[in-house]
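Every read-out reported here was derived from the displayed coordinates using simple, explicitly stated rules and does not represent laboratory data. Just so it is clear, the structure is predicted and the values come from calculations on it, not from any experiment. Virtual Cβ from ideal backbone geometry, glycine too; neighbours counted across all protein chains shown.
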Amino acid sequence: MKSEEIIWVEQIVSGGTDAEKAFQALSVKYGPRMYTQIFRIVQNEAIAKDVLQNVFIKIWKNLSSYKRESSLYTWMYRIAHNEALTMLASESKRKHLPIDNSIIQIIPGNQALDSLEGEQVYQLLREAIDSLPEKQAIVFELKYFENQKYGEIAQLTGTSEGALKASYHIAKQKITTFLKAKLNH
Amino acid sequence: MKKEKDILDHLQPEKIRTPSESYFKTLAKKVSIEERHSAFENRRFIKITGFALAAAAVLFMAFVLFNDFSKPTKELKVEKDLFYDVNDEEIYAYVDEHIDDFTIDELSIPLSDETMEEDFYFTDISQDEIISYIEAENIDLDELEDELLIF
């Protein structure tokens, strides 16, 4: 049996009368996740909304070239990630971007972190996440920031729970090593 | 034994407020309508461009098929127009003064049969005068005979 998202994809690609409704359903299901993913990169509500609109346009235009080699969410995550980085680069060139709200807070008790601002640490964390392979980055973002269950992440990414747990563990180790190295210098 | 806290355990992710469900629905609707319209416009543009190219091709073919390429080009007209305000006497005087600058080809081309009949018989000059002029100027008679056939 076809999953609902495959049916949506086919309806959108066929461009018939159901295309608009299918696209809405797809957007309601994945839009909030993509929005938070984008927001964590651009850290500005208005820009995050602009990026999301561009992402929706790219999804609408390119869905026919989606080859199902990865899960639909992974494919859309990639588009959103690239679009957010592109927008961030062009907007940063124009002006200093205001940060609407911080992404992390520091819990006191760690010597290396206590003297720093949350934003400084987040920039290092962002750098560490962006250096990860795509699948590890997706798992880390969904688990660490959004506290999603492995079962949900497995459905989104089309990966087994065991593999996801291993990926998350490796991602955390890499990020910890990265942060320690940066904070000790 | 108490597990030592990881550096990430000292960081608390903040909750990010997401827009309402209706925002995503509206955005999806807006994108789908705009993109459909844009796709329609693109198809129309391609159609119009196709027709325009086909029409241009037909016009070009008609030009190639029906144009008389044996007619003198505009360039000649321009050349002629350049001397519109110079009268014949001035041209003859210039050519006479600078006769050595011209080749026999250049001098012979403008001499059509009509011109030859009207102006080139030297009716007011005697044959002796012509011969003494040719001798004085060291003109090669054989060459003149070949080129102009005036004798």
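Among A:Ser92, A:Ser131, A:Ser71, whose mean-square fluctuation peaks in a Gaussian network model of chain A (Cα, cutoff 10 Å)?
A:Ser92
Tally Lys/Arg at +1 and Asp/Glu at -1 over every other residue whose Cβ is under 13 Å from the Cβ of A:Ser64; what's the total?
+2
Tell me the chymotrypsin sites (Phe, Trp or Tyr not before Pro) within segment A:40-84 that lie in a loop according to DSSP and have at most 16 other beta-carbon atoms within 10 Å.
When the chymotrypsin sites (Phe, Trp or Tyr not before Pro) of segment A:40-84 are filtered for loop state and at most 16 Cβ neighbours within 10 Å, A:Tyr66 remain.
Just tell me, in residue order, which DSSP H segments of chain A are both 20 angstrom or longer along the helix axis (alpha-carbon based) and at least -1.0 in mean Kyte-Doolittle hydropathy.
Span-like helices in chain A: A:19-42, A:45-62, A:72-94, A:161-183.
Just name one of A:Ala48, A:Ile175, A:Gln120: the one whose Cα is farthest towards the positive end of the charge dipole of chain A (beta-carbon charges, Lys/Arg +1, Asp/Glu -1).
Highest projection toward the positive end goes to A:Ile175.
Just name one of B:Ser22, B:Ser38, B:Leu59: the one whose Cα is farthest towards the positive end of the charge dipole of segment B:20-66 (beta-carbon charges, Lys/Arg +1, Asp/Glu -1).
Value computed over the given set: B:Ser22.
Looking at segment A:137-170, which GluC sites (Glu not before Pro) are in a loop (DSSP not H, G, I, E or B) and have at most 13 other Cβ atoms within 10 Å?
Filter output for segment A:137-170: empty list.
Give the average, rounded to an integer, of partner chain Cβ atoms located within 10 angstrom of each Cβ in A:20-32.
What the average comes to for A:20-32 is 5.
Count charges around B:Phe51 for me, please; just the other residues with Cβ under 14 Å from its Cβ, Lys/Arg as +1, Asp/Glu as -1.
That works out to +3.
Working out 0.36 nm times the residue gap between B:Ser126 and B:Ala54, then minus their Cα-Cα distance, what length gain in nm do you get to one decimal?
Computed gain between B:Ser126 and B:Ala54 is 19.1 nm.
What does the highest-first list of B:48-61, A:113-126 look like by mean Cβ count within 10 Å?
A:113-126, B:48-61
Would you tell me the mean number of C-beta atoms belonging to other protein chains that fall within 10 Å of each C-beta in A:53-59, as a whole number?
3
Hey, can you grab everything whose amide H is under 5 Å from the amide H of A:Ile104? Only 5+ residues off in sequence or another chain; H modelled, so Pro and N-termini drop out.
Here the answer is B:Glu14, since their amide H atoms fall under 5 Å of that of A:Ile104.
How far is the Cα center of segment A:56-79 from the Cα center of segment B:13-74, in Å?
Their Cα centres are 24 Å away from one another.
Averaged over B:14-22, how many beta carbons belonging to a partner chain fall within 10 Å of each residue's beta carbon?
The shielding value for this peptide is 6.
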